[in-house]
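Enquirer: Got a structure for you, questions after.
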Amino acid sequence: MSGAREWMDRRFPLTEFLERHITNYPTPKNLNYWWNFGSVAGIFFVIQVITGVWLTMYYKPETRLAFDSVEHIMRDVNYGWLIRYLHALGPTGFFFALYLHMGRGLYYGSYQSPRELLWWTGLIIFLALMAEAFMGYLLPWGQMSYWAATVITNLFSAIPFFGPDFVIWLRGDFAVGDATLGRFFSLHTTLLPLGVIGLVVVLHLTALHRVGSGNPTGLELDKKGPAVIPFSPYFITKDLWFISLVLTCYLFFVFFQPDLFLEPLNYEPADPFVTPHHMVTEWYFLPFYAILRSIPHKLGGVLAMFGSILILAFLPYLDRSALRSARYRPVKRVLTWLFFLNFAVLGYVGLNQPFGTILLLGRISTAYYFLYFLVLPLLPARERVKPLPKEGEL
Amino acid sequence: MKIFNLLIILMLFPLALRAADAELPKLDLDFSEAALKRGEGVYKSSCQACHSLKYLGYQSVMTAEAARSAFGKAAPDLSLMAKARGRGRQGARYIQALLVSYNETPEKNSLFPNIAMPPVFSKDDPESAQKARDVAAFLFYAAEPLAKERRGLGRYVLGYMVLLTALLYGVNRKTWRSIKTNRSGKNTP
Amino acid sequence: MPPRRCAGRRNQGLAMEEEKFAALNRRDFLTMTSAAVGLGGMGLATVPFLKALGPTRDIIRAGVMEVDISGLKEGESRVVMWRKQPVFIVRRSREMVEQAKRIALSSLRDPAQPEERVQRPDLLVCLGICTHLGCIPSWHPEKVPGLDQPGFYCPCHGGKYDSLGRRLDGPPPENLHLLPYRFLNANKLRIGTEKFTGYSENIRKVQELPRA
């Protein structure tokens, strides 16, 4: 057996790689469960790819055939219903993990130097994933699929001068149709998952391994010091058990409540002549949908929506406090928890029609969302902080 | 661990949303084999005239053109109607409620005002409530014929996952125990 | 990871060692069990994906068909497509039945009694695929080229079968394969079954459809 390993090592840095990046990879001892969500997101990515490959074997990317092909999968393909539900509920797990993962970054200052590239590659993954989910949603060709694609592609008509022509080019036709379905299918199954998400995840992990994980104290730990332990077996066992827990919840929904996360209206085939009364998007887009709808100006709304994601990229420069972690910064701590709560409120707003109280709430929440980022630079000069622990005490 | 508990709650929160679906009257639906058979009979006698059920192989008698000229709209296919009108069993409840909500007012139906579909059961039919229940149950089945298999397999899968999670949790605790009790020493690989 | 022991505390050290050893064993047992359960589960999890590649339910449902044989004349053969494969249905004449009985089993490469090949002597139902390399043989009600009796002849490599589809000459290794069927009445056959058991469905001996 060791002969085989030597044969391999002479030709390929396998053992060296495994030891450096997994077995002996130095990880802070004091990581809490907020640090588990990166690997959870990774697992959902794998689930989506595998189930996606299988669905592509039976799905037909043509407007006349798409809806029926999905029902064919549900009713005729052996275990097709399982593969379909796994794939349809996967994004819920994926975005759930991703929001908690990003929230950890926000709270513990993981975006600060020297982790800017880690943060930015993460944002690219987030954006790519939103595009991926959006395109995937068109494929079943249900009522909500069609109209969500129509509304969201229409957003780009807000661009001055080029907007309306750009939308036609984007759709490949004057309205969402076969041309749109074809390109969304191609990008959703080929370029985006592997070319973008896969590639950028590799870059993301590479950046991580260069600087090492942050930790709840925000202290930059000595990689050979007492507060750091090898990744294996400690974080392998921790990751495995937590992933198992998350998958248990996920599979509960897949087997017993799959329709809880699926929009009922999407079980109706797309009808270009009838717009649904109540346009809803998938839950993970709701907060951004709320931001979009809270600005009464078309272009303004679009800019606010994209801006709400892009502003995250500026965090390394907005927050230059010497203390990374909100644990020791009482003001940032409260503001950040409020930010999370506010995000949930925005989600609730996105679920409801933008009138009256809901609209007002949405505007207040949108305002708070952006104010949070604008307040951050002002904090270091003014806040009273808690004392940091010593590295030896960890 | 406080945050950990919060996460568990977060993961199961969606279940609470389900309980919030309390708009429709709580009507009892029977999903037994007998009810499904009766429901299929009701579909064939009362619905198939206008509504196809294509994924179960039933064509409608009336064409879409004829329906449009008679009622203003083509009668939609019913294969997925139970799923299109509500999550879980809510869709079936909606269908049942719709069928018994016809009245004499100008709005024609108290649940769906100005509905294009005419009343299906006659007012004097004593079995109309039962028929509505049965056809709703049948349409629920038609929307996902393999639902029973899904739940059956689900029991095994969830049982297995709970076991696996418990085992892996145990392994993790054992692994970390040596670290947690080791206060004085360095971490030797 | 065992803690460093001071030299003077050997007894205490030993007790701690034993406890560590016991703990390790417990962890090992637990780890072994978890690994077994986990790997077992992963193995089982592949099953739906593998099964999903198999024929879908609608294909299997289409694999049950009824054939009307009332118009089939003596000596005539008809081909129907079943599961995308040709099926021969032949009305055998008295002479064909007698001729087939006269063939000695020992002379056959793939010996089979007439009773193992047909439910009723006057009707042959078998797959129309040559067991050599898969061409579709042709039916010769008078004489197969090169023989003095009726049967099937495969033009690709010269395989020859009798009127029961048994291999008489040429490269084919086996008799023409059989498939499950049932007589609904004298004029109607039901061939194929919904339960797809794979290729191990008995192809060598005629079997009746279950009376489901």
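Enquirer: Quickly run through segment C:123-170 and pick out the residues that are of a type in the set (Val, Ile, Thr) and assigned to a loop (DSSP other than H, G, I, E, B).
Expert: The answer is C:Ile129, C:Thr131, C:Ile136, C:Val144.
Enquirer: Taking the condition modelled with pLDDT under 95 and more than 13 Å from chain B (Cβ to nearest Cβ), does A:Leu318 pass?
Expert: In short, no.
Enquirer: B:Tyr102 versus (1) over 24 Å from A:Pro258 (Cβ atoms); (2) surrounded by fewer than 19 Cβ atoms within 10 Å (Cβ to Cβ); (3) not acidic (Asp, Glu): which is the lone unmet condition?
Expert: Of (1) over 24 Å from A:Pro258 (Cβ atoms); (2) surrounded by fewer than 19 Cβ atoms within 10 Å (Cβ to Cβ); (3) not acidic (Asp, Glu), only one is false for B:Tyr102: (2).
Enquirer: Ok, one more. Which members of segment C:48-75 meet the condition of being at pLDDT 90 or above and β-branched (Val, Ile, Thr)?
Expert: Answer for segment C:48-75, where residues must be at pLDDT 90 or above and β-branched (Val, Ile, Thr): C:Thr56, C:Val67, C:Ile69.
Enquirer: Given the criterion more than 13 Å from chain C (Cβ to nearest Cβ), of a type in the set (D, E, K, R) and closer than 21 Å to A:Val202 by Cα, identify the matching residue among A:Glu6, A:Glu19.
Expert: Testing whether each residue is more than 13 Å from chain C (Cβ to nearest Cβ), of a type in the set (D, E, K, R) and closer than 21 Å to A:Val202 by Cα leaves just A:Glu19.
Enquirer: How many residues are in contact with a Lys or Arg (Cβ under 9 Å, 6 or more places away or on another chain) and within 14 Å of C:Gly134 (Cα to Cα) when one looks only at segment C:171-189?
Expert: 6
Enquirer: Continuing with this model, one more query. Would you confirm, using the coordinates I've provided, whether A:Leu138 is within 14 Å of chain C (Cβ to nearest Cβ), buried (at least 23 other Cβ atoms within 10 Å of the Cβ) and modelled with pLDDT of 95 or more?
Expert: No: the conditions fail for A:Leu138.
Enquirer: Can you say whether A:Met144 is away from chain B (no Cβ under 14 Å), in a helix (DSSP H, G or I) and either surrounded by 15 or more Cβ atoms within 10 Å (Cβ to Cβ) or modelled with pLDDT of 95 or more (or both), as far as the supplied structure shows?
Expert: When the stated conditions are applied, A:Met144 does not pass them.
Enquirer: When you scan segment A:48-67, do you find a residue that is more than 14 Å from chain C (Cβ to nearest Cβ), in contact with a Pro (Cβ under 9 Å, 6 or more places away or on another chain), surrounded by fewer than 21 Cβ atoms within 10 Å (Cβ to Cβ) and farther than 29 Å from C:Val47 by Cβ, even just one?
Expert: Checked segment A:48-67: no residue is more than 14 Å from chain C (Cβ to nearest Cβ), in contact with a Pro (Cβ under 9 Å, 6 or more places away or on another chain), surrounded by fewer than 21 Cβ atoms within 10 Å (Cβ to Cβ) and farther than 29 Å from C:Val47 by Cβ.
Enquirer: Given segment B:73-189, what helices (runs of 4 or more DSSP H) lie entirely inside it while holding 1 or more residues that are more than 10 Å from chain A (Cβ to nearest Cβ) and closer than 30 Å to A:Asn78 by Cα?
Expert: B:90-100, B:128-143, B:147-180
Enquirer: While we're here: Mind counting the residues in segment A:76-95 that are part of a helix (DSSP H, G or I) and without any contact (Cβ under 8 Å) to a residue 12 or more places away in the chain?
Expert: Total satisfying the criteria: 1.
Enquirer: Looking only at segment A:268-280, decide whether some residue is facing another protein chain (nearest Cβ under 7 Å), surrounded by 20 or more Cβ atoms within 10 Å (Cβ to Cβ) and over 23 Å from B:Gly152 (Cα atoms).
Expert: Checked against the condition, which is being facing another protein chain (nearest Cβ under 7 Å), surrounded by 20 or more Cβ atoms within 10 Å (Cβ to Cβ) and over 23 Å from B:Gly152 (Cα atoms), segment A:268-280 yields at least one hit.
Enquirer: Further question on the same structure: Which pairs have Cβ atoms under 8 Å, sit 6 or more apart or on different chains, and link a residue in segment C:168-180 that is on the phi > 0 side of the Ramachandran plot to one that is outside any strand (DSSP E or B) and of a type outside the set (Val, Ile, Thr)?
Expert: Hits for this filter: C:Gly170/C:His132; C:Gly170/C:His157; C:Gly170/C:Gly158.
Enquirer: Please find, among C:Thr197, C:Thr131, C:Thr193, the residue that is modelled with pLDDT under 95, buried (at least 21 other Cβ atoms within 10 Å of the Cβ) and among the β-branched types (Val, Ile, Thr).
Expert: C:Thr131
Enquirer: Quick check: anything in segment C:76-93 more than 14 Å from chain A (Cβ to nearest Cβ), more than 30 Å from B:Gly170 (Cα to Cα), modelled with pLDDT of 90 or more and out of contact with any strand residue (DSSP E or B) (no Cβ under 9 Å at 6 or more places or on another chain)?
Expert: yes
Enquirer: Also, quick follow-up: Please give the number of the condition C:Ile103 fails out of (1) touching a residue at least 40 places away in the same chain (Cβ under 8 Å); (2) in contact with a Lys or Arg (Cβ under 7 Å, 6 or more places away or on another chain); (3) over 24 Å from C:Pro180 (Cα atoms).
Expert: Of the numbered conditions (1) touching a residue at least 40 places away in the same chain (Cβ under 8 Å); (2) in contact with a Lys or Arg (Cβ under 7 Å, 6 or more places away or on another chain); (3) over 24 Å from C:Pro180 (Cα atoms), the odd one out for C:Ile103 is (2).
Enquirer: Further, regarding this structure: Given the options A:Thr217, A:Thr206, A:Thr189, name the one that is surrounded by 18 or more Cβ atoms within 10 Å (Cβ to Cβ), part of a helix (DSSP H, G or I) and either in contact with a strand residue (DSSP E or B) (Cβ under 6 Å, 6 or more places away or on another chain) or hydroxyl-bearing (Ser, Thr, Tyr) (or both).
Expert: A:Thr189
Enquirer: Six or more apart or on different chains, Cβ atoms under 8 Å: show the pairs whose first residue is in segment A:23-37 and more than 16 Å from A:His209 (Cα to Cα) and at pLDDT below 95 and whose second is β-branched (Val, Ile, Thr) and in a loop (DSSP other than H, G, I, E, B).
Expert: Going by the 8 Å Cβ cut-off, the qualifying pairs are A:Asn30/A:Thr217.
The values are calculated or read from the model by the stated rules, or taken from the named source; none is laboratory data. None of the values given here were measured: they were computed from a predicted structure. In this analysis, Cβ positions are derived from the backbone assuming ideal geometry, glycine residues included, and neighbour counts consider all displayed protein chains.
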